[in-house]
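Asks: Once you've had a glance at the structure underneath, I'll fire off some questions.
Only the coordinates and a few stated rules stand behind these numbers; no lab work does. Keep in mind that what you see is a predicted model, and the values were worked out from it rather than measured. Because the Cβ atoms are built from the backbone with ideal geometry, glycine has one as well, and the counts that use them run over all protein chains shown.
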Amino acid sequence: MHTLSFDVEEWFQVANHVHACPREGWDGFESRVELAMDRLFDLLQRRGSRATFFFLGWIAERHPGLVVRALEGGHEVASHGYDHRFLQDLDPGALHADLERTERALEAAGAPRPRGFRASTFTLTRRTWWAFDVLVERGYRYDSSVHPVRHPDYGVPGFEPGISRVEAAGGSLVEFPVSTFPLLGRNWPIGGGGYFRLLPGALHRGLFASLERLGRPTATYLHPWEVDPDQPRVPAPALKRFRHRVGLTSTLSKLDAFLQRFPSVPMEDLLVSHGHLE
Ligand SMILES: [Zn+2]
């Protein structure tokens with residue numbers, strides 16, 4: 001069983017662009033999220049797949065119609081936090097405020113209170129483990145923010161790559177990391193947009209077929225800007241520019257082929273049907 005999710009944010013809100021596109025200027029950039037979401041909603045409907053959309057509260061406030069359309073399409077609406085702050089830049093009080101503001105924006109757009117959370121840029125690490133206490137306290141049922149990989153900016157390399165339960169101060173919740181592939185003693189982050197765009201489609205699908213044979217539910221994620229090759233170019237060092245732009249023109253057709261092989265259900269539905277949530 002497979003779940004596809006999207007972190008709903010604008011092209012200028014990507015962590016790689018934080019220096020060129022500071023928060024104070026966000027309202028001055030060209031909004032392209034509706035155009036990209038049109039393509040995603042259309043594709044999902046055509047393929048009979050349903051997904052989880054982790055919305056930034058900032059987006060839900062400015063584009064409540066996208067929340068409505070996600071719900072109408074039978075998708076799950078979950079939280080990506082308010083304005084893409086890294087967890088290590090927050091403390092528990094600030095995370096409470098950030099989550100509350102996002103919940104209010106989602107509810108104002110007609111969504112139920114979110115049950116799932118994904119932190120900005122996988123910044124739920126050993127350093128920010130306290131975030132689980134906050135999530136449990138606010139009633140979240142699952143999280144998808146831990147990335148069990150080695151990476152200079154994030155990751156918890158030894159963490160269980162499958163679905164597990166994390167104990168926190170006031171209870172526990174389910175952790176569902178996006179999929180990784182075990183090879184040469186390491187977990188490789190194949191579930192994310194960069195790898196999705198970089199690897200040839202057939203190879204990428206083959207890796208997921210291997211995970212499926214291991215009996216593992218799989219999780220992939222993308223961003224709306226990854227199906228928008230016409231987005232403005234942002235000045236950045238060469239490697240970051242490459243990571244941001246590689247394969248943008250073919251993401252949508254690759255995703256189409258992927259969904260035909262691995263139809264998606266929302267993350268919460270998958271967790272319920274596998275007995276991890278009631
Ligand atoms: Zn994000």
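Asks: Within the set of pairs 6+ apart or on separate chains, which have a first residue in segment 161-172 that is touching a residue at least 60 places away in the same chain (Cβ under 8 Å), a second that is surrounded by 15 or more Cβ atoms within 10 Å (Cβ to Cβ) and aromatic (Phe, Trp, Tyr), and C-beta atoms under 9 Å apart?
Replies: That search, which allows pairs on different chains as well, returns Ile163/Tyr142; Ile163/Phe176.
Asks: Now a separate question. Suppose we filter segment 95-116 for residues that are within 23 Å of Asn16 (Cα to Cα) and among the hydrophobic types (A, V, I, L, M, F, W, C); how many remain? Before you say what the answer is, go through the steps one by one.
Replies: Of all residues in segment 95-116, those within 23 Å of Asn16 (Cα to Cα) come to 95, 98-99, 102.
Checking the rest, the ones that are also among the hydrophobic types (A, V, I, L, M, F, W, C) come to 95, 99.
Of the residues in that region, 2 qualify.
Asks: Identify all residues within segment 2-23 that are more than 14 Å from the ligand (Cβ to nearest atom) and closer than 25 Å to Met267 by Cβ; write none if there are none.
Replies: Within segment 2-23, the first condition is being more than 14 Å from the ligand (Cβ to nearest atom), and the residues that meet it are 2-4, 19-20, 22.
His2, Thr3, Leu4, listed by residue number.
Asks: Still on this model: Among the residues of segment 74-107, what is the count of those that are among the charged types (D, E, K, R) and under 15 Å from Ile59 (Cβ atoms)? First the steps, then the outcome.
Replies: Taking segment 74-107 first, the residues among the charged types (D, E, K, R) are 76, 83, 85, 89, 91, 98, 100-101, 103-104, 107.
Retained after the next criterion (residues that are under 15 Å from Ile59 (Cβ atoms)): 83, 85, 98, 101, 103-104, 107.
Of the residues in segment 74-107, 7 are among the charged types (D, E, K, R) and under 15 Å from Ile59 (Cβ atoms).
Per-residue answers, yes or no, for (1) within 12 Å of the ligand (Cβ to nearest atom); (2) surrounded by 23 or more Cβ atoms within 10 Å (Cβ to Cβ):
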site	(1), (2)
Gly28	no, no
Arg46	no, no
Val67	no, yes
Arg85	yes, no
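Asks: Go through Thr123, Thr102 for me and flag whichever is of a type in the set (Val, Ile, Thr), more than 17 Å from Phe176 (Cβ to Cβ) and within 16 Å of the ligand (Cβ to nearest atom). Write out each step before concluding.
Replies: Values: Thr123 fails: more than 17 Å from Phe176 (Cβ to Cβ).
Result of the check over Thr123, Thr102: Thr102.
Asks: Looking at segment 64-105 only, could you name the residues that are farther than 22 Å from Val14 by Cβ, of a type in the set (D, E, K, R) and without any contact (Cβ under 8 Å) to a residue 60 or more places away in the chain?
Replies: Answer for segment 64-105, where residues must be farther than 22 Å from Val14 by Cβ, of a type in the set (D, E, K, R) and without any contact (Cβ under 8 Å) to a residue 60 or more places away in the chain: Arg69, Glu72, Asp91, Glu100, Glu103, Arg104.
Asks: So in segment 227-245, with the set limited to residues that are surrounded by 14 or more Cβ atoms within 10 Å (Cβ to Cβ) and in contact (Cβ under 8 Å) with a residue 40 or more places away in the chain, which one is nearest to Asp7 (Cα to Cα)? Quick ask: steps written out before the conclusion?
Replies: Filtering segment 227-245 for residues surrounded by 14 or more Cβ atoms within 10 Å (Cβ to Cβ) gives 227-228, 231, 234, 236, 240-241, 243-245.
If we keep only those that are in contact (Cβ under 8 Å) with a residue 40 or more places away in the chain as well, we get 227-228, 231, 234, 236, 240, 243-244.
Working: Val227: 13, Asp228: 14, Gln231: 17, Val234: 20, Ala236: 22, Lys240: 19, Arg243: 17, His244: 15 Å.
In this case the residue turns out to be Val227.
Asks: Yes or no: segment 220-242 includes at least one residue that is closer than 27 Å to Phe117 by Cα, touching a Ser or Thr at 6+ places or on another chain (Cβ under 6 Å) and of a type in the set (Val, Ile, Thr).
Replies: yes
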